Amino acid sequence: MTTSPDERGAELRELFFETSQELLQALNEEALKLEKNPGDEEIVRAIRRTVHTLKGDSAACGLRELSELAHEFEDALSLEGTATQAAVAEIAFASADVFAEMIAAYRGNRKLPSTRSLSKRIQDLTAVPAAKKTRTKKTAAKTSTPKTAPKVAAADWTEYEKLAMTKAQADGLAVYHVVAKIDPHCTMPIAGRQLIHNALSSVGQVLAARPDAKSPAAARHVEFVLASVQPAEQIAAKGRIPTIAEEVSAELLLAPSPAVKRTAEASLAPEETDGEENSLEAQAKLPATPASTGGPAGLPAAQENILRVEAGRIDNVLNLVGELIIGKSMLQQALSEFSKRYPKELLRGKFADAMAFQARVLNDLQRSVMKIRMVPVDQLFRRFPRMVRDVSRQCGRDVELVVSGQDTDLDKGILDAIAEPLTHLVRNAISHGIEPAEERRKLGKAPHGAVKLNAYHQGNQVVVEVSDDGRGIDPQKIRAKAIQLGMTTAEEAARLSEIETLDFIFRPGFSTADEVTEVSGRGVGMDVVQSVLHRLKGSISMETRPGQGTTFRLKLPLTLAIIKALLFWVEQRLYAIPLNAVVEISRTIESEVHQVDNYEVLQLRNQVLPLLRMGRAAAGDAKSKLFVLVILVGERKYGLIVDALEGEEELVIKALDDQTFSTDLVSGASILGDGRVVLILNLPAVVEHVSRWRPEEVGQANSGLLLTYTDRMRLALTPATGGRA
């Protein structure tokens, strides 16, 4: 079954939309380098190569407007003297933005943005070098005798074509510059050009052709770069076609290099190679290896081993692995019942061995699939240098971005979900945290501030930190603002601890900015950051020191699909929480639970532990025993009172339908081996929900903090589970 051209075109466009994001990211990174090192010709060449690739890929997909704009920018970068202009970096930034808008418009079938302003800036960029080039040529004509230019300069070969030339030379082929003059009486010069191309292809490999077939000059002559083992005379004779090619000449550009000579040439210093071909020739002249000769035009063969797979397909495989894990639990349950019923049966040992083997293979399969979804956080961190540059300019700050832990792996779905929260935290660090340069000097600090991004593994979690060395957060200012906004009273604010005071930052509508700007001040953001983290079964905490800086710490699960959980009973229902959130399990009695401001607390060794009661308190029974699960949410510990423990289990998380289950207090459900359904609690959401209750609301319920919550959950669970889970 063949694929239609329309389907192939759509597939090609989708591939371009994916790869173009990497090209735009590379363009931003190169522009940042050029801004720090203005006039660096090597960086300008790197920008030109990136734009050239974008131009070619967009042209192949039929995106004419994008291809033409990229071609215009590439031509401007090719002019002599462009590298010395300070405006190149600014235009590269503007081009990256316009290219991104155009690609988004193509993808969404929307109207393309206006490119007139960018085109005008590119034209202004080309005007000065062109004028200088003209004056230089006139001066040279008057003061010096003309010199014969090398034939390679007869056409403007691209970096990739030059790379292909040096690669062919390194492979032992001679590289020729072939010029064919089209017969003026030829009635079909374009077809004649193709015939010459076909004739030359029979004696070698055509690496480049000029001019473009649509150019008027194509009717007069055509130039080729040919890699061949044949002598120049035979190549010229092959290209002479009666009534089509009037004259054909072949001149040697690069002589073939033997293997020993290639090794010596690879060690040449950069000064010994020709300017623009500097780094490219050095790469091409390295000894040929299986890794370096497998790709086209000298590209590493390792790139051919990279397979782009739609994320949905990996999710399907991961879902099937989850079903296999449920099946494993069912088999283990059946084997346990079989062993109890037939304790002397000899087949028990064989069944156990088979189950152990299956469990090992399944664990390896699970880890392998999980690794497929894991990507380094560098994919996210790479976006921030450009954003920090733009925001710091908007705010009039001098800010340096410091990044570490880029190789830390995280689930692709989680990485995409935290992009917006992380962006908001970085913008806040610049606009709220970093002081202006003058203020920093008065405080004895360096005039430029620092924003740091860091990521590292901590148990079964990944921690992402955003920190700055700015002014920090003043709790007194937070209290005053909360009172001003009516979020609390002066009496209540006076009783709040520092951590409870800082929690106001995560309330909707709260902002400490004195005025609304493009960057901040609307009171929308930190509450969204917290809600996103809760939805991801993660948490956010904050550490601040006035005058020294602030650190926001995001704790995220490695994956959203499979977790190790602790199961427990509350009111004859089975629940689960992530095992990595449990610090310890303690036993106590009802009489050890005390009331402080209508809140229940427990003195556990040398600390006072706030309690969250999941079930009903035992009326009048001071000696009844309690299980207390000490959990860690953010940087704070809480005690979760439960009725009984079930044990540890590896659970496959199943998402709940919003129409059936609309609370954020439960993050998902899972099926045990015996068919029971267990609900997985979202601990950050539970703690946040309880912390917002006023003491008088809690005092009305003598059964504990979470009685109202438990009753509401019980009502919500009944249609979903049909009674006992």
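I'd like to check something: does the stretch 461-468 contain any residue that is over 19 Å from the mean Cα position of the chain (by Cα) and at negative phi?
Looking for residues that are over 19 Å from the mean Cα position of the chain (by Cα) and at negative phi, one finds at least one in the stretch 461-468, hence yes.
Among the residues of the stretch 398-421, is there at least one that is acidic (Asp, Glu) and touching a Lys or Arg at 6+ places or on another chain (Cβ under 7 Å)? First the steps, then the outcome.
Going through the stretch 398-421, the residues acidic (Asp, Glu) turn out to be 398, 400, 407, 409, 411, 416, 420.
Then drop every residue that is not touching a Lys or Arg at 6+ places or on another chain (Cβ under 7 Å), which leaves 411.
Looking through the stretch 398-421, at least one residue is acidic (Asp, Glu) and touching a Lys or Arg at 6+ places or on another chain (Cβ under 7 Å).
Residues that are of a type in the set (Gly, Ala, Ser), farther than 30 Å from Asn316 by Cβ and at pLDDT 85 or above: does the stretch 555-577 have at least one? Show your work before the answer.
Keep residues of the stretch 555-577 that are of a type in the set (Gly, Ala, Ser), which gives 561, 565, 576.
Then keep just the ones that are farther than 30 Å from Asn316 by Cβ; that gives none.
No, because not a single residue in the stretch 555-577 is of a type in the set (Gly, Ala, Ser), farther than 30 Å from Asn316 by Cβ and at pLDDT 85 or above.
Restrict the check to the stretch 168-184 and report whether at least one residue is closer than 15 Å to Ile244 by Cβ, free of Cβ contacts under 8 Å to residues at least 60 places away in the same chain and assigned to a loop (DSSP other than H, G, I, E, B). Break it down stepwise before answering.
Keep residues of the stretch 168-184 that are closer than 15 Å to Ile244 by Cβ, which gives 178-184.
Subsequent filtering for residues that are free of Cβ contacts under 8 Å to residues at least 60 places away in the same chain retains none.
Scanning the stretch 168-184, I find no residue that is closer than 15 Å to Ile244 by Cβ, free of Cβ contacts under 8 Å to residues at least 60 places away in the same chain and assigned to a loop (DSSP other than H, G, I, E, B), so the answer is no.
Given the structure, is Thr134 outside any helix (DSSP H, G or I) and either among the hydroxyl-bearing types (Ser, Thr, Tyr) or modelled with pLDDT of 80 or more (or both)?
The answer is no for Thr134.
Looking at the stretch 37-53, which of its residues are open to solvent by 30 Å² or more (accessible area, probe 1.4 Å) and under 24 Å from the mean Cα position of the chain (by Cα)?
Scanning the stretch 37-53 gives Arg49, His52, Thr53.
Residues that are at pLDDT below 50, at least 2 per element: which helices (runs of 4 or more DSSP H) completely within the stretch 219-328 meet that?
Where helices (runs of 4 or more DSSP H) fall fully within the stretch 219-328 and carry at least 2 residues being at pLDDT below 50, they are 259-266, 278-284.
Inspect all residues belonging to the stretch 344-361 and state whether any of them is buried (at least 16 other Cβ atoms within 10 Å of the Cβ), among the β-branched types (Val, Ile, Thr) and assigned to a helix (DSSP H, G or I).
No, the stretch 344-361 contains no residue that is buried (at least 16 other Cβ atoms within 10 Å of the Cβ), among the β-branched types (Val, Ile, Thr) and assigned to a helix (DSSP H, G or I).
Of a type in the set (A, V, I, L, M, F, W, C) and either over 30 Å from Gly312 (Cβ atoms) or touching a residue at least 60 places away in the same chain (Cβ under 8 Å) (or both), is that true of Leu485? Write out each step before concluding.
Numbers: of a type in the set (A, V, I, L, M, F, W, C): yes; either over 30 Å from Gly312 (Cβ atoms) or touching a residue at least 60 places away in the same chain (Cβ under 8 Å) (or both): yes.
So Leu485 fits the description; yes.
Can you say whether Gln406 is out of contact with any helix residue (DSSP H, G or I) (no Cβ under 6 Å at 6 or more places or on another chain) and surrounded by fewer than 19 Cβ atoms within 10 Å (Cβ to Cβ), as far as the supplied structure shows? Give the steps one after another, and end with the answer.
Numbers: out of contact with any helix residue (DSSP H, G or I) (no Cβ under 6 Å at 6 or more places or on another chain): no; surrounded by fewer than 19 Cβ atoms within 10 Å (Cβ to Cβ): yes.
Taking the combined requirement at face value, the residue does not satisfy it.
I'd like the residue in the stretch 13-34 that is in contact (Cβ under 8 Å) with a residue 60 or more places away in the chain and of a type in the set (D, E, K, R) and, out of all such residues, is surrounded by the fewest Cβ atoms within 10 Å (Cβ to Cβ).
Glu18
Among the residues of the stretch 44-75, count how many are assigned to a helix (DSSP H, G or I) and over 18 Å from Tyr160 (Cβ atoms).
Final tally of qualifying residues: 6.
The values are calculated or read from the model by the stated rules, or taken from the named source; none is laboratory data. Because the structure is a prediction, the values reported are computed rather than measured. Positions of Cβ are backbone-derived with ideal geometry, glycine not excepted, and every protein chain shown enters the neighbour counts. Side chains included, ligands, DNA and RNA excluded: accessible areas come from the protein's heavy atoms. Shrake-Rupley method; radii C 1.70, N 1.55, O 1.52, S 1.80 Å.
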